[in-house]
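Here's the structure, in structure tokens; my notes come after.
The values are calculated or read from the model by the stated rules, or taken from the named source; none is laboratory data. All of these numbers come straight from a predicted model, not from anything done at the bench. Counting neighbours? That spans all protein chains shown, and the Cβs are built from the backbone with ideal geometry, glycine included. When the accessible area is computed, the model is the full protein with side chains, heavy atoms only, and any ligands, DNA or RNA have been set aside. Shrake-Rupley method; radii C 1.70, N 1.55, O 1.52, S 1.80 Å.
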Amino acid sequence: MNLNELTLKQSLDGLKKRQFSALDLTKACLKQIQLEDPKLKAFITVTEKLAFEDAAKADQTRNKPSLNGIPFSVKDVFLTKGIKTTVASKVLADFIPPYD
């Protein structure tokens, strides 16, 4: 099963049935980013450590129905507290917003 090819519903069902974990989904997504992003250059900042921490927390609270545990990415134009947000601008190359 290729976790990167699952629909949102399939991902949620698999998490609910414990066929795989949020950590498994996160690892699959990060591996795909590592493989493809050197060619695509779609990501400016990848927060692997935070992604793993959040996935581990999601696995601990899996009994709550939500999208918790589903990996996602955020376009670099939205302020993300404590995470480099550059808007792909040289002027903001090192900007780390103090709020979301």
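With a 1.4 Å probe and every protein chain kept in, tell me what percent of the accessible surface of the chain is carbon plus sulfur.
Here it works out to 57 percent.
How large is the charge dipole for the chain, taken about the Cα centre, if only the Cβ atoms of Lys, Arg (+1) and Asp, Glu (-1) carry charge, to the nearest 20 debye?
Details: 16 positive and 12 negative charges, 40 e Å.
With only Lys, Arg, Asp and Glu charged at Cβ, the dipole is about 200 debye.
Using just the helices of the chain, give the 222 nm mean residue ellipticity in deg cm²/dmol: DSSP H runs with n ≥ 4 each add -39,500 (n - 2.57), and the total is spread over all residues, rounded to 500.
-13000 deg cm²/dmol
Calculate, for region 1-67, the solvent-accessible area per residue in square angstrom, rolling a 1.4 angstrom probe over the heavy atoms of the protein chains.
74
If you bin the C-alpha pair distances of the chain every 5 Å from 0, what whole percents do you get?
Calculated over all Cα pairs of the chain, the distribution is 2, 12, 21, 20, 19, 14, 8, 3, 1, 0 percent.
Check the chain and count each lysine pair with an alpha-carbon distance under 17 angstrom, considering only pairs eight or more places apart or from different chains.
18
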